[in-house]
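Trainee: After the structure tokens below, expect a handful of questions from me.
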Amino acid sequence: MKTLKRISAIALVIFVLFAMSVPFAAVDPEYSVKINGKAGFTATVYKIADFNTTTGAFSNFVEKNDTDNSVENAIKTSNEAALLTAAEDLPDAKLAGTDKGTAAFTATQTQAQTVAINDAGVYFVKWTTLPSGVTNAQNSVFALPYYSNGSYVNTVTIADTKTATDTPSATKTFTTADADEKFAKAGDVINFTLTGSVPGSATLPAKEIKFVDTMTKGLEFNGNLKVYGVKADSTATELTITTDFTSSNPAATDKTFTITFSDTQTPALYTAGYKTIKITYNAKLTGDAIDYTTAGNVNTLTYTYKNNSGVDSDPITVTRKVKTFKFEVKKVDVDGNIINNNDSSKNAGFTLYTNQTATTAYTNEKITGEIKTVDGIAKFDGLAPGTYYVKETTAPDGYNLNSHVFPITIADNGTVSGTGVDGIQLTVTDTKVIVPNTGGEGTLIFTIVGIALIACAAVLFIIYKKKNASAK
């Protein structure tokens, strides 16, 4: 008999999920599972393997297909996490006919419910109905009977904190709550806030909570990284790196960073009563910023956790976009032809201003002064929505300077408007400078005029002399 008990104990003790202080109960021919749930949840109990209480052998494993042995291998290797994963992979068609009962929790029926399962085996408790707004819940596996403290235990209790959990969530915002996009100019520093719920409970804490923030080309980490634990009443407490969490210690200009709460750090989150983790930091929109007319500048949060069994959650991904815009100036002659001097030093130059009188120049990380035309086009990049004023400040060689100040307005959707604007392009016209040709007709005119003036001077001199002579 002792040998039999020893064999049974070795086979079953690995599945003890809630044996910490389960009181001894007299052996009863009926096995059962007591399930604590929450309103709107329904749990179904499935038998996924038989257990022979005489020989201690497991058999009749339910597998997802004829070539799979995941359930059997997890049981035989005492791997609870792998067993839960294998059970959750079982299709409904394989589970059909193996159910032993359900526990449904309505708005008024939230107390614990007991499902009688009658025979020994390995069981999978799956939350088959979830309330509106909840997309997942933590399932469970267990074996009955199991041997504990010198006695057999024929019933298992599953706590609501273990199973009927609210859906973990994560968000990423700018300073404006719930915003999914922001307008900025190149060089602006942008404040981001990341949040993620704290899954699990003090008795069954998550083994890991991880935040990975990734920025694309036009964004880079700019510092001021802080991590907070936030209670249900929104009270926030700043946490300490290394003690409370680990960080990839991002440097300025980095494109990504990671914040991780390990299995030795998560218990403190529940002790303190934190419901969410909040992370704040600054990112810079750089001179490499991508104009929103193409892909934009994307910042992505990926939030994951490991449940108490060490099983990875599906990642929650939240993306936010920073918008920046551009417009162009096209330099043409009176015939509408692009003025494109072969000598680039003689191309036109345009300056952007913040006022109509063109006295205050606009600058950002991509625009620091006069912008020269290249192939007849001057480009102004990295602009936030608003009204700007553009003026030609250097004319192409051989052309007059266009002194008009052109107002340009960029809308929140990137639309560019203003007199002479087509699409995102402003057309500015210059006229050629008229210079007399040396030795040509123009010189002859000046010569004739000069001779006429000399002749007039001579006539006046003769008249003057005659008057003087008559006076004597």
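Computed from the coordinates by the stated procedures, all read-outs in this text should not be read as laboratory data. The structure displayed is predicted, hence computed values, not measured ones. We place every Cβ from the backbone using ideal geometry, glycine too, and count neighbours over all the protein chains shown.
Trainee: Enter the Cα centre distance for the pair the range 33-47 and the range 228-294, rounded to the nearest angstrom.
Mentor: That distance is 35 Å.
Trainee: Here's a follow-up. What does the highest-first list of 353-360, 206-213 look like by mean Cβ count within 10 Å?
Mentor: 206-213, 353-360
Trainee: Can you return the aspartates and glutamates within cross-link range of Lys366? Criterion is Cα-Cα under 15 Å, with same-chain partners fewer than 8 residues away left out.
Mentor: Asp188, Asp288, Asp291, Glu328, Asp381
Trainee: Continuing with this model, one more query. Can you check how the C-alpha radius of gyration of the range 325-429 compares to 2.2 N^0.38 Å, as a plain ratio?
Mentor: Output field value: 1.00.
Trainee: For Lys64, which aspartates and glutamates qualify as cross-link partners when the Cα separation must be under 13 Å and same-chain residues fewer than eight apart are set aside?
Mentor: Qualifying aspartates and glutamates at Cα under 13 Å: Glu72, Glu88, Asp89, Asp92.
Trainee: Under a Cβ-Cβ cut-off of 15 Å, what is the net charge of the residues other than Tyr46 that fall near it, where Lys and Arg count +1 and Asp and Glu count -1?
Mentor: Within the 15 Å Cβ shell, the charges total -2.
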